[in-house]
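*Asks:* Could you have a look at this structure, given as structure tokens, before my questions?
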Amino acid sequence: MNARIAAILVLGAVSIGAAAQAAPVAGAFNQGGNILIADQFNNRVIEVDPKGQIVWQWGLGPKDVSANSIVGVNDAERVGQNTLMAGTGAPPKSEPLCKKGCPDNRVMLVGPSGNIIWQYGQFGVTGSGPNELNAPVQATYTPTNTVYITDQGNQRVIEVDRSKNIVWQYGTTGTAGAGYDELNSPNSAELLDNGDVLIADEGNNRVIEVDKATLNIVATFTIGGTSSAPAFASRLPNGQTLITDGGNNRIVTVNAKDQIVFEYYTDTQSGSNPNPQPSRAVRTINGKIVISDQFNNRVIVIDKDKNIKAQYGTLNVPGYGATSTQQGLNGPYDAKVIGDFTGLTQP
């Protein structure tokens, strides 16, 4: 048993509990090779098998903007048999049912049967006080029973323990900037093996590596000064950094000198949205890259030669279905392979 799974079993012992909202459906739940998708504008997290069949769902779909769904979900990660998810909510007029906005502002750990095991933030409450968030766009679970939350609207990344105490923070709450201990609309955070924290500082068009103890920036990546709204970054086993360069509709790997090693654009296929703004790219252990091609309404898997090996959802066509991704996705923001991505540096 690895440290990550052992840690979540400990957390399960302090479950706060909640009514289940969605149970597993037919299929092999939590099977290695399945893909977990944050289906943003369908207000749900789904697990699908390699053929795109839905085997698990949490959230009641696009017509539900209550606490029974995860409104505007931006992130999902499987932790043992539980699912960590982050709901940002929907801004005013972004959805027919959210003319005045539908804040969610929760990071939740949900059990297989749909019960909420742990939660930080409160549905419908926007703030920066204890147990309050403002557009949490991403969350990462650690082997020490803490959760890193990228609290975008509060311009910070926080580390929260299981008792809901903030034990570490980078970014000055409520202050957007590019100076010491400042961020501008951060979009992701990853704890590295060396103890540093890698942050996609979207509004500052950079990815930074922060020394956790001193809060000093020890490395900055801008893709040679060309980065635009980087939505996600992760450190690869070879030391290179994989960046989802959303504003440029591309996925890029850079070396330690910030030079491009690999580059893939998601807007070149016939019928593509001219500005799909991919939001997440995750390298798998076998070398493929899973891309959340947000406004192309699909998740794709590419190989090292840039060939599309699998697609979930229909290119540039939003949709919703209860049984298969062939029925459509709507702005998928995140996708990870079960048993592969851990939130830490890849093995």
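Read-outs: derived from the displayed coordinates by stated rules, not from any lab. Treat the numbers as computed from the prediction; the structure is a model and nothing was measured. Glycine also receives a Cβ, built like all others from the backbone with ideal geometry; neighbour counts cover every protein chain displayed.
*Asks:* Match the structure shown to one of the listed values [x] 26.0; [y] 15.4; [z] 23.3 of mean projected area of the Cα convex hull in nm², computed from it, and give that label.
*Replies:* Read-out from the structure maps to [y].
*Asks:* Let me ask you something else. Around residue 42, what is the net charge, scoring Lys/Arg as +1 and Asp/Glu as -1 over all other residues with Cβ under 12 Å from its Cβ?
*Replies:* Working: positive: 44, 63; negative: 39, 64, 95.
Around residue 42, the surrounding residues sum to -1.
*Asks:* When the Kirkwood hydrodynamic radius is evaluated over all pairs of different C-alpha atoms of the range 90-146, what value in angstrom, to one decimal, is obtained? Mind showing how you got there, number by number?
*Replies:* Working: mean 1/r = 0.0785 Å⁻¹.
One over the average 1/r among Cα pairs gives 12.7 Å for the range 90-146.
*Asks:* Still on this model: For the range 246-347: lysine pairs with Cα atoms under 12 Å, gap of 8 or more or different chains, count?
*Replies:* Values: 288/304; 288/306; 288/309; 288/336.
Taking the Cα cut-off of 12 Å, the pair count is 4.
*Asks:* Find the relative contact order for the chain and round it to a whole percent, using C-alpha pairs within less than 8 Å whose residues are 6+ positions apart.
*Replies:* On the way: 1043 pairs, mean separation 47.7, N = 347.
Contact order relative to length: 14 percent.
*Asks:* Let me ask something else. Antiparallel DSSP bridges in the chain: what percent, to the nearest 5? Before the final figure, lay out the partial values.
*Replies:* Details: 90 of 93 bridges.
Rounded to the nearest five, the antiparallel share is 95 percent.
*Asks:* Here's something else I'd like to know. Can you list the trypsin sites (Lys or Arg not before Pro) in the range 248-316 that are in a DSSP coil and have 15 or fewer other beta carbons within 10 angstrom? It would help to have the intermediate numbers written out before the result.
*Replies:* Details: sites: 250, 257, 280, 283, 288, 298, 304, 306, 309; in loops: 257, 288, 304, 306.
When the trypsin sites (Lys or Arg not before Pro) of the range 248-316 are filtered for loop state and at most 15 Cβ neighbours within 10 Å, 257, 304, 306 remain.
*Asks:* Enumerate the residues in the range 50-83 having an amide nitrogen under 20 Å from the point lying 7 Å beyond the Cα of residue 322 toward its Cβ.
*Replies:* 52-71
*Asks:* A further question on this structure: So, with +1 on the Cβ of K and R and -1 on the Cβ of D and E, and no other charges, what is the size of the charge dipole of the range 93-220 about its Cα centre, to the nearest 20 debye? Present the calculation step by step, with values, prior to reporting the outcome.
*Replies:* Details: 9 positive and 15 negative charges, 123 e Å.
Using Cβ point charges on Lys, Arg, Asp and Glu, the range 93-220 gives about 600 debye.
*Asks:* By how many nm would the segment from residue 176 to residue 315 lengthen if fully extended, with 0.36 nm per residue of separation less the alpha-carbon distance? Each step should come with its number before you reach the end.
*Replies:* Details: separation 139, 0.36 × 139 = 50.04 nm, distance 3.50 nm.
Length gained between residue 176 and residue 315: 46.5 nm.
*Asks:* How many percent of Cα pairs in the range 24-101 exceed 22 Å?
*Replies:* Details: 720 of 3003 pairs.
Cα-Cα pairs in the range 24-101 separated by more than 22 Å: 24 percent.
*Asks:* List the lysines whose Cα sits under 16 Å from the Cα of residue 63, skipping any in the same chain fewer than 8 residues away.
*Replies:* Answer for residue 63, where 16 Å is the Cα cut-off: 93, 99, 100, listed by chain and number.
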